[in-house]
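Following: one structure in structure tokens, then a few remarks.
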Number of protein chains: 2
Amino acid sequence: MTSPAQEGLAVGIDLGGTQVRAALVDGSGQVLARAAQRTDAVGGPYAVLQQIQQLVAETTQGMAYRDLRGVGVSAPGPLDAQAGVILGIPTLAGWVDVPLVAWLQQALGLPVTLENDGIAAAIGEWRFGAGRGLSDFVYVTVSTGIGGGVIADGRVLRGRGQLAGHIGHMTIAPDGAVCSCGNPGCWEAQASGTALGQIARQRAASTPGSLLAAYGETLSAREVMAAARTGDTLALELVEHEAHLLGIGIVNLLHLYSPQTVVVGGGVAQGFDLLQPGIDQHVRTRALPPFRCVPVVAAQLGQNSGLVGAASLVLAQEAHRPLAHALPA
Amino acid sequence: MTSPAQEGLAVGIDLGGTQVRAALVDGSGQVLARAAQRTDAVGGPYAVLQQIQQLVAETTQGMAYRDLRGVGVSAPGPLDAQAGVILGIPTLAGWVDVPLVAWLQQALGLPVTLENDGIAAAIGEWRFGAGRGLSDFVYVTVSTGIGGGVIADGRVLRGRGQLAGHIGHMTIAPDGAVCSCGNPGCWEAQASGTALGQIARQRAASTPGSLLAAYGETLSAREVMAAARTGDTLALELVEHEAHLLGIGIVNLLHLYSPQTVVVGGGVAQGFDLLQPGIDQHVRTRALPPFRCVPVVAAQLGQNSGLVGAASLVLAQEAHRPLAHALPA
């Protein structure tokens, strides 16, 4: 009998607008080595391809590539996971219709799999984190924006063009703040870490007694969470408001997908213990009765959900591949 | 080779708060006979069971029951489709934990299947209507409330407790009108036929020049649609506003489920030709670019989506049964 760790090794890559991160992951989801570089945002896809090659080499030092199952890449969308093509990354120059999987397979001589970052993180939590053993759960990442992935009836929910689960662009307040997508009222525009930072800067400017007033334009969600832990009144108010806004969207997710659990990750989730009472209160009072018992919990893999999920794509490929019939019409 | 019509006959039952309707349906989705009774809302479940027996007899006159594949029942939730038990129908007295499938099977000596009304209608449109051949679509019914059913990746989306797809209770305006569920801002409370009637009565009371002013307290969504067809200014304004509100919710459904098509049924959909331009405009301007091309169309089976869908549950049972692993946790 083999232990999970002996089932194989894979490298997970998290291609983000700020950093490219890599981790060597074993079959039990353990991270054995990691490395990161600042993303070359202006050099074009080929420069980033070289960064990925360097990171794979760095995390597998002393190993032969033949001992790897392959490389799984998590990237922002829109992308075609099945074709292995990134259709566009707005924050990176020149990333239009990039056949990343074909390029990397040729460069590395290894199987390569591509997945949307929200879904990769959901898969990471599903296999090795807070979603283990569940057939229905929603992963929500709250950081610069709000994204996520949905596991429903024991499978990744894909939809047309594998585009299901754009949860951050659910309108929750039609007259609310305008989103980066151009629409007013998206959940992301109200409740992301970016939005929390903006509201905090406005409020702090007129609240000189708060710890937050000292930060000026550098004030972000991180400082709000830290100040709330010291009992700062404004910070606690901001956290309560953030929990309320997260609660509105999470209750919608309960009604729409009926998960057994909602798992919250991303930067803001580092303050999840502060947010959870307000979110729970919202769920217990605003969800329809059959949904009120559904737990909302923090991601267990922290910042590694996406890296581990990406690696697991090649460790257990058959279970997670997009479905042929779910391609764009 | 058999024709679709020769695949069998079944009776579909649509158990509603106002009417119990029945239809004899063939394997191609054609309605061969129909009957209806006003629901005995105070006599308790056993009185309604007798009504269903009468309706089955009426729609199958001259046939032997052995020529039927069975009876499919569409009912409002919450219900446990797999166990065949209605957990509760708030508008009917005494409907708590009613084992309807077991009762009816014993009374009729036929296979009986139970399904949530939104999902039954979605299945009707999927097999025989506007959703034919699609792997991903959302059925939305807009009448007294807003409900629906979701087909995703070629299957009915179930979720925990088979409760996915409570689309009417998605919050779209946290400060909006209070819903029958008690929460402010549900889509249903803003955009159902009931909500349209309420707004119309308020507006008509202060608009004596409108055709709508004559109806007083009897004014409903139906009269608004009729007056809009004659060019009444207030009615056209109300229709435009209704299309806007439907558009907000439908764009959310696109982002969340990524259907290939959204199918709109229910009473308000009888004015779908009037609503469609406004809905389409909303989708083309407010959906994220990859979702803007998704069509929003009227249900093809009209008021029969649920009846035909319910019948089809026993005509092709294997494809549509709830999944064992999707039971409540």
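Counting only DSSP H runs of at least 4 residues, each contributing -39500 (n - 2.57), and dividing by the residue count of chain B, the helix-based mean residue ellipticity at 222 nm comes to -11000 deg cm²/dmol. Considering the rotation that superimposes chain A on chain B, the residue of A whose beta-carbon lies nearest the axis, and that distance in Å, is A:Leu256, 3. In nanometers and ordered shortest first, the copy-to-copy spacing of the B:Gln61 label point, defined 7 Å from Cα toward Cβ, is 8.8.
In units of the compact-protein estimate 2.2 N^0.38 Å, segment A:8-167 shows a Cα radius of gyration of 1.00. Other residues within the sphere of radius under 9 Å centred on the Cβ of B:Val73, judged by their own Cβ, net out at -2 (K and R +1, D and E -1). Can you grab the distance from the C-alpha centre of segment B:183-232 to the C-alpha centre of segment A:140-185, Å, no decimals? Here the two parts' Cα centres lie 33 Å apart.
Summarising the strand pairing of the protein assembly as shown, around 60 percent of its internal DSSP beta bridges are antiparallel. Here segment A:130-299 is treated with +1 on each Lys and Arg Cβ and -1 on each Asp and Glu Cβ, and its dipole about the Cα centre works out to around 420 debye.
Computed across segment A:130-299, the Kirkwood hydrodynamic radius from all distinct Cα-Cα pairs reaches 16.3 Å. Each other copy holds its own label point for B:Thr218; taking that point as 7 Å from Cα along Cα to Cβ, the gaps run 7.2 nm, nearest first. Plainly put, the tip 7 Å out from Cα toward Cβ on A:Val178 is 3.5 nm from that tip on each other copy, the closest given first. Ranked for footprinting exposure by Cβ neighbours inside 10 Å, fewest first, B:Glu217, B:Glu188 give B:Glu217, B:Glu188. Dimensions of segment B:1-83 along the principal axes, based on C-alpha atoms and rounded to the nearest Å, stand at 48, 29, 20, largest first. Each residue of segment A:257-267 was assigned a 3J(HN,Hα) from its phi angle through the Karplus curve 6.51 cos²θ - 1.76 cosθ + 1.60 (θ = phi - 60°); the sequence is 10, 6, x, 7, 8, 10, 10, 10, x, x, x Hz, with glycine and proline shown as x.
Considering only the Cα atoms of chain A, their convex hull presents on average a projected area of 18.1 nm².
How tilted is helix A:305-315 with respect to the longest principal axis of chain A? Cα atoms for both, answer in degrees (0 to 90, nearest 10). Compared with the principal axis, the helix lies near 20 degrees.
Between segment B:85-131 and segment B:11-76, the alpha-carbon centres lie 11 Å apart.
The rule of thumb for compact globular proteins, 2.2 N^0.38 Å, goes into the C-alpha radius of gyration of the protein assembly as shown 1.02 times. Principal axis analysis of the Cα atoms in segment B:177-257 yields extents of 41, 26, 17 Å, listed in decreasing size. Ordering A:Gln190, A:Ala122, A:Val31 by Cα displacement along the dipole of the protein assembly as shown toward the positive end leaves A:Val31 in first place; charges were set at the Cβ atoms of Lys, Arg (+1) and Asp, Glu (-1).
The numbers here are math on the coordinates, done by the rules we state, and not lab data. Every value quoted in this text rests on a predicted model; they were computed, and no experiment measured them. Don't worry about glycine lacking a Cβ; one is built from the backbone with ideal geometry, like all the others, and counts go over all protein chains shown.
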